[in-house]
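The structure appears below as structure tokens.
The values are calculated or read from the model by the stated rules, or taken from the named source; none is laboratory data. Quick caveat: nothing in here was measured; it's all calculated off a predicted structure. Heads up, the Cβs are rebuilt from the backbone with ideal geometry, glycines too, and the neighbour counts pull from every protein chain shown. The accessibility values were calculated without ligands, DNA or RNA, using every heavy atom of the protein model including side chains. Shrake-Rupley method; radii C 1.70, N 1.55, O 1.52, S 1.80 Å.
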Amino acid sequence: MIFVTLGTQKQSFKRLLEEIENCPLLRNEEIIAQVGHTKYTSEKITTIDFLDSDEFNNYIRSCEFVVAHGGVGSIFSALLNNKKVLAVPRLKKFGEHVDNHQIEICEKLANMNHIVYYNPENSAYEEKPETMETKINFLRSNYFEPYTQDSSYISKVDNAIEDLLLS
Amino acid sequence: MNKVMFVCSSGGHLTELLKLQVLFRKYNYLLVTEETSLTKKLNEDYKISYMKYGSREYIFQYIFVFIYNLIKSIILMITFNPKVVVTTGAHTGGITCFIAKLFFKKVIYIESMAKVKSLSVTGKVMYLIADKFYVQWEELVEKYPKAEYLGRLI
């Protein structure tokens, strides 16, 4: 099973579901998607508007890999469960977000070899543009660095709170 | 017990803020976030107060949401009266922290992990007024010298 999560933004992110629907590699895969506010009907993809966090984590744990919009919450839910992630940033030009900031974190995490990210705009003018298919092949056949959480961060924030309480 | 308010928008900002929830046991806390279908059940687990959900995309509607959240922030500053406010941002967190500064509260701003190369709109305002300003990627400190890098929340 492949789990897809589009985040909680009000803006529709239909483009990603269409890409998945039309990807020949996924023709025989079971696909479950948390679509949030995106309206989409499909025979191929099982859509659920919102999952509570237990259900969400269950799908993450039991899937082969996660296809996520470029939001921090979605990407890290997968990474912290040691799942491979294909992230697709929401783009402003398609009205999918207020700006293009999702590209930043996707690029960064891809450069650190934690995830694969797919932005059709990157290779639109190349001879062989990247597709969902090439990205999934890459995701399936490569190793990615596990992401480890920085456990000391909370106490650093707590020190800052203590400082301010005293000042 | 010292009063500390934790405030942010829903979605990824809340995922980041809730990483700090062990601190909820240490302080007399209040969690403030937007009411959405995903956050409405959180009041079973947390001491929570809700703001209205807004996005800059729907600008006309957002003006009303903005005013509602502004008034609610003022009420919370008076009724809860925190000493310190911690936020992981976006607009809802920003509005409350702006009000907090008007009430002479201390503000800790943590820029979202999503921001790697530049600050968010809220971050740019908070950079000027927050008492402590943290970013989660080192390269941002070069651009914004007053920002501190402590590592990453997630």
Q: May I ask you to give the percent of accessible area on the stretch A:1-55 that is carbon plus sulfur, with a probe radius of 1.4 Å?
A: 40 percent
Q. Pairs B:3/B:117; A:84/B:143; A:44/B:117; B:47/B:105; A:83/B:47: which exceed 28 Å Cα-Cα?
A. B:3/B:117; A:84/B:143; A:44/B:117; A:83/B:47
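With contacts defined as alpha carbon pairs under 8 Å and 6 or more residues apart, what's the relative contact order of chain B in percent?
Here the relative contact order equals 22 percent.
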Q: Would you grab the residues whose amide H sits under 5 Å from the one on residue B:107? Only those 5+ places off in sequence or on another chain, please, with H modelled 1.01 Å from N.
A: B:85, B:131, B:132
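I'd like to check one number: the per residue accessible area of the protein assembly as shown, probe 1.4 Å, reported in Å² as a whole number.
46 Å²
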Q. Going by a ≥ b ≥ c, the root eigenvalues of the Cα gyration tensor, does the stretch A:1-76 fall in the rounded group (a/c under 1.5), the prolate group (a/b larger than b/c) or the oblate group?
A. oblate
Q: For the protein assembly as shown, build the charge dipole from Cβ charges (+1 Lys, Arg; -1 Asp, Glu) around the Cα centre, then report which of A:137, B:141, B:102 sits farthest towards its positive end.
A: B:102
Q.
If I compute solvent accessible area with a 1.4 Å probe over the protein chains, what percent of it on the stretch B:1-137 is carbon and sulfur?
A. 63 percent
Q.
In whole Hz and in residue order, list the ³J(HN,Hα) couplings for the stretch A:131-146 that follow from phi through the Karplus curve 6.51 cos²θ - 1.76 cosθ + 1.60, θ = phi - 60°; x for Gly and Pro.
A. 10, 3, 5, 5, 5, 5, 4, 5, 4, 5, 9, 10, 8, 10, 5, x
(Q) With the cut-off at 1.5 for a/c, could you classify the protein assembly as shown from its C-alpha gyration tensor as rounded, prolate or oblate? (A) prolate
Q: Using a 1.4 Å probe and counting only protein heavy atoms, arrange B:75, B:110 so the residue with the most accessible area comes first.
A: B:75, B:110
Q: Label the stretch B:58-154 by shape, choosing from rounded, prolate and oblate, from the square roots a ≥ b ≥ c of the eigenvalues of the Cα gyration tensor; if a/c is under 1.5 it is rounded, and otherwise prolate applies when a/b is larger than b/c, oblate when it is not.
A: oblate
Q | Listed pairs A:14/B:124; A:39/A:128; A:10/B:41 exceeding 22 Å between Cα atoms | A | A:14/B:124; A:39/A:128
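When Lys and Arg each count +1 and Asp and Glu each count -1, what net charge do the other residues less than 14 Å away from residue A:19, Cβ to Cβ, add up to? Show your work: numbers first, answer last.
Values: positive: A:14, A:15, A:27, A:44, A:90, A:135; negative: A:18, A:21, A:29, A:96, A:121, A:130, A:133.
Result for the neighbourhood of residue A:19: -1.
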Q: Would you calculate, for chain B, the mean residue ellipticity at 222 nm contributed by helices, counting each DSSP H stretch of 4 or more residues as -39,500 (n - 2.57) and dividing by all residues, to the nearest 500?
A: -10500 deg cm²/dmol
Q) Considering only DSSP states other than H, G, I, E and B, which trypsin sites (Lys or Arg not before Pro) in the stretch B:121-154 qualify as loop sites with at most 15 other Cβ atoms within 10 Å? A) B:146
Q: Counting only trypsin sites (Lys or Arg not before Pro) that are in a DSSP loop and have at most 11 other C-beta atoms within 10 Å, tell me the longest site-free stretch of chain A.
A: A:40-167
(Q) How high is the relative contact order of the stretch A:1-120? Use alpha-carbon pairs under 8 Å, at least six apart in sequence, and give a whole percent. (A) 24 percent
Q | Under 17 Å from residue A:156, Cα to Cα: aspartates and glutamates that are on another chain or at least 8 residues apart | A | B:16, B:111, B:131, B:138, B:148
Q.
Based on DSSP loop calls and a cut-off of at most 11 other Cβ atoms within 10 Å, the longest stretch of chain A free of exposed GluC sites (Glu not before Pro) is what?
A. A:44-125
Q. Longest exposed-loop-site-free stretch of chain A, with chymotrypsin sites (Phe, Trp or Tyr not before Pro), DSSP loop and at most 15 other Cβ within 10 Å?
A. A:51-124
